[in-house]
Amino acid sequence: MSYETFSAWYDPLTDNVDYDSCAARIDTLLKKHKPDCRLIVDLACGTGSLSVRLSKLGYDVIGVDRSAEMLSVAMSKGDPSILWLCQSMQELDLYGTIDAVVCTLDSVNHITDEKELEKAFAKVALFLEPDGVFIFDANTVYKHRDVLASNVFVFDTDDVYCVWQNETQDSTTQITLDFFEQEDGVYYRSSESFRERAYSDEELEKMLSNCGMEIVEKFDGYTELPPTETSERTVYIVKKQKD
């Protein structure tokens, strides 16, 4: 999926995301687990909203996303200090090691093939410093089964009308987005679709372990609370395993 249409409406349709709180929480976690952290990769950075905030907190940031359209929006946000790279998570290729990698807003769920996700984790492990930190979040099995399910959601903004349709089978959800844009009294429709897969803690732990990493903490979203059976998003704090 190129997000050619979605990129134009991604920010308005996700204006409920509190990027300031998310960045602040990540900053707290980095200071705890990697106090000397300077260089961060924002993996699957999308339109760069989090990248810009992490940069303002004083970090050197590399924003990585597979979508040129998303990165075009990110670059328009005017932070010249950020290096933007058009790469997939599985093909991450950097000039050297970094202190931390963050991957937010259920980006790992977009990789529905377990082998491909493990490949992405292996790339993270390859470029992390020995004491580096990997912070990522994932939509839970509960969210896919009971919240996304096969429901339909409607977003109505001043500029676009979006119908979000889900079709969930087992742990995988097919998501179809229909955008209706008004111009001169006429509505124009465009559509994009993608799939998400929910992974259990055990599945993620195994893949990370295969790549020489281990989960050291888990939270209910970007809070200080532990995950529960009804958590919709789990945040994982990961470090390389010690030899």
Taking the C-alpha atoms of the chain, how large are the radius of gyration and the largest Cα-Cα span, Dmax, in Å? 17.8, 65
Kindly report, to the nearest 10 Å², the accessible surface of VAL52 as traced by a 1.4 Å probe over protein heavy atoms only. 20
GLU192 accessible area, 1.4 Å probe, all protein chains in place, Å² to nearest 10: 20
The chain - mean residue ellipticity at 222 nm from DSSP helices (-39,500 (n - 2.57) per run, n ≥ 4, rounded to 500): -7500 deg cm²/dmol
Taking all protein chains as present, what is the carbon and sulfur share of the accessible area of segment 45-113, in % to the nearest whole number, probe 1.4 Å? 49
For the pairs LYS31/LYS218; LYS31/LYS206; LYS32/LYS56; LYS34/LYS143; LYS143/LYS242; LYS123/LYS240, note any where the Cα-Cα span goes beyond 24 Å. LYS31/LYS206; LYS34/LYS143; LYS143/LYS242
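Which of the peptides 75-87, 229-241, 132-144 is most tightly packed, and how do the rest follow, going by the mean number of other Cβ atoms within 10 Å of each residue?
Working: 75-87: 13.8, 229-241: 18.2, 132-144: 22.5.
In descending order of packing, they fall as 132-144, 229-241, 75-87.
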How many percent of the accessible area of segment 141-234 is carbon or sulfur, using a 1.4 Å probe? 43
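Evaluate E = 1/(1 + (r/R0)^6) for ASP113 and ASP184, where r is the Cβ-Cβ distance and R0 equals 35 Å; express this FRET efficiency to the nearest 0.05.
0.20
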Give me the 1.4 Å probe accessible area per residue for segment 1-122, excluding ligands and nucleic acids, in Å². 44
For segment 92-108, in residue order, the Karplus 3J(HN,Hα) values (coefficients 6.51, -1.76, 1.60; θ = phi - 60°; whole Hz; Gly and Pro = x) are 3, 9, 10, 7, x, 7, 10, 7, 7, 10, 10, 8, 10, 6, 6, 4, 5
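With all pairs of different alpha carbon atoms counted, what Kirkwood hydrodynamic radius in Å does segment 13-108 show?
Details: mean 1/r = 0.0746 Å⁻¹.
Computed over Cα pairs of segment 13-108, the Kirkwood hydrodynamic radius comes out at 13.4 Å.
The values are calculated or read from the model by the stated rules, or taken from the named source; none is laboratory data. On a predicted model such as this, the values are computed, not experimentally measured, just so you know. FYI the Cβ positions are ideal-geometry reconstructions off the backbone, even for glycines, and counts take in every protein chain you see. These area figures cover heavy atoms from the full protein model, side chains too; ligands, DNA and RNA do not enter into them. Shrake-Rupley method; radii C 1.70, N 1.55, O 1.52, S 1.80 Å.
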